[in-house]
1. Take the residues in region 131-154 that are in contact (Cβ under 8 Å) with a residue 60 or more places away in the chain, open to solvent by 40 Å² or more (accessible area, probe 1.4 Å) and part of a helix (DSSP H, G or I); name whichever of them is nearest to T114 (Cα to Cα).
2. Does A207 qualify as being modelled with pLDDT under 90 and surrounded by 19 or more Cβ atoms within 10 Å (Cβ to Cβ)?
3. Could you run through region 53-98 and say how many residues are in contact with a Leu (Cβ under 9 Å, 6 or more places away or on another chain), among the aromatic types (F, W, Y) and open to solvent by less than 40 Å² (accessible area, probe 1.4 Å)?
4. Does any residue of region 280-294 turn out to be more than 29 Å from T107 (Cβ to Cβ), under 20 Å from the mean Cα position of the chain (by Cα) and surrounded by 17 or more Cβ atoms within 10 Å (Cβ to Cβ)?
5. Do we find that I352 is under 14 Å from the mean Cα position of the chain (by Cα), hydrophobic (A, V, I, L, M, F, W, C) and more than 25 Å from L48 (Cβ to Cβ) in this structure?
6. Considering every residue within region 191-198, establish whether at least one is without any contact (Cβ under 8 Å) to a residue 40 or more places away in the chain, open to solvent by 30 Å² or more (accessible area, probe 1.4 Å) and closer than 21 Å to L305 by Cβ.
7. Kindly check whether there is at least one residue in region 298-311 that is more than 16 Å from the ligand (Cβ to nearest atom) and of a type in the set (G, A, S).
8. Among (1) open to solvent by less than 50 Å² (accessible area, probe 1.4 Å); (2) among the aliphatic types (A, V, I, L, M); (3) in a loop (DSSP other than H, G, I, E, B), there is one condition A351 misses while meeting the rest; what is its number?
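The values are calculated or read from the model by the stated rules, or taken from the named source; none is laboratory data. Model, not experiment: these values are computed from the prediction. Here the Cβ is made from the backbone with ideal geometry for all residues, glycine too, and neighbour counts use every protein chain on show. Just the protein is used for accessible areas: all its heavy atoms, side chains included, with ligands, DNA and RNA removed. Shrake-Rupley method; radii C 1.70, N 1.55, O 1.52, S 1.80 Å.
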Amino acid sequence: MSGGLEGVVVAETVLSHSDSARGMVWLRGHDLPDLVGNYGFEGTVALLWDGFAGDGLTRAGLTEAFGAARVAAFSGLDVWLDLARGRPLLEGGRLGLACQPDTATPTQLVGAMTVTVAALLRVSKDMPLLAPDPGLSTAADLLRMWHGSPADPALVAALDTYFTVMAESGLNGSTFTARIVASTRASLAAAVLGAWCAFTGPLHGGAPGPTLDMLDAAQAAPDLDAWLEAKLCAGERLMGFGHRVFRGNDPRAEAMRQALAQMGPLAGRLAFASRVEARVAAVIERLKPGRTLPPNVEIMAALLLDAVGFPREAFTAVFAVGRCAGWIAHALEQAQTGRLIRPASKYVGPAI
Ligand code: COA
């Protein structure tokens, strides 16, 4: 057996398919460029959730429902927000989700996640909270609630692309957790909280902040190749590189690269990221001939989240706003099967 369960199929899904060889992700049969160009985050969630959280879901309908859910979540902040003051953002997120009722619906959970992130960010900077604007998209309102004023449309478009391409990614650790919780017939709120907890580790949803730290350190290094070689020889993991599924280019990174390129002044940072990617490939080939270590989605994700103005300690929580749509879709799909997930272990302890 393999400790990481790689290659083990544990569910059938109609939600998405990632194909490493073809370098593409499809959600309900739509590829990423189609989703980014024609559906946006709310339209993508409508596709994902259709048949699970309702029938005939639409982008406009979900934009409205998420807006109403944000307003409701905002009015419930006093239940838990004081407990989160002075704590790291990830602990605050855990508190906010733990306070959602077992009756919470899919839209209420996405609305709660969005408002939770904005509120925790404002509180962490001692800034007064801004009430949601229910007429806006999730991306536009999150930026507005955080920055305190309506966001530049270019930033909104970039964050919407980010949420769209990150909404769902198959059976990663957090999504699998959501399915396990849902399979016990626990509530959707419990499935989302469980998924959040699995998500926060640095090898998963916790990666984008440290990835930006790594890019900064690489930029400050006098000799990039020597710096990379020292890290790899010390057995350190290079954040933003490697992936269980994508062994070549990650199509989500490409979508974000295009969104970033449209933001103009970031060209310098993008060029440096490309240089790091090229040098990692060269150093790996020198140190471990025949091995590859391709960049994953996190470098572009970190640059994008930085560019739209989120501090790096908030990257994981912002990522979760998009990804919770996928957790919910999988939890609902698992619940429909009615089957408890209960694998086996092989005993290797003292003789019995
Ligand atoms: N930096 C350095 N070495 C890496 C590496 C990285 N980012 N990712 C994998 N490796 C090495 C492993 O140490 C392993 O080496 P070994 O065989 O000599 O022990 C080898 O490459 C094969 O690793 P593999 O089993 O294919 O990787 P994985 O499936 O266990 O790990 C990740 C996948 C994502 C957890 C891993 O690549 C990683 O830790 N990346 C950095 C964190 C990150 O960016 N996460 C976000 C993912 S979207």
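1. H147
2. Details: modelled with pLDDT under 90: yes; surrounded by 19 or more Cβ atoms within 10 Å (Cβ to Cβ): yes.
Against the criterion (modelled with pLDDT under 90 and surrounded by 19 or more Cβ atoms within 10 Å (Cβ to Cβ)), A207 qualifies.
3. Residues that pass the stated criteria total 1.
4. Yes: one or more hits.
5. Details: under 14 Å from the mean Cα position of the chain (by Cα): no; hydrophobic (A, V, I, L, M, F, W, C): yes; more than 25 Å from L48 (Cβ to Cβ): yes.
The answer is no for I352.
6. Yes, there is a match, as at least one residue in region 191-198 is without any contact (Cβ under 8 Å) to a residue 40 or more places away in the chain, open to solvent by 30 Å² or more (accessible area, probe 1.4 Å) and closer than 21 Å to L305 by Cβ.
7. So far as region 298-311 goes, yes, one or more of its residues are more than 16 Å from the ligand (Cβ to nearest atom) and of a type in the set (G, A, S).
8. In the conditions (1) open to solvent by less than 50 Å² (accessible area, probe 1.4 Å); (2) among the aliphatic types (A, V, I, L, M); (3) in a loop (DSSP other than H, G, I, E, B), A351 misses (1) alone.
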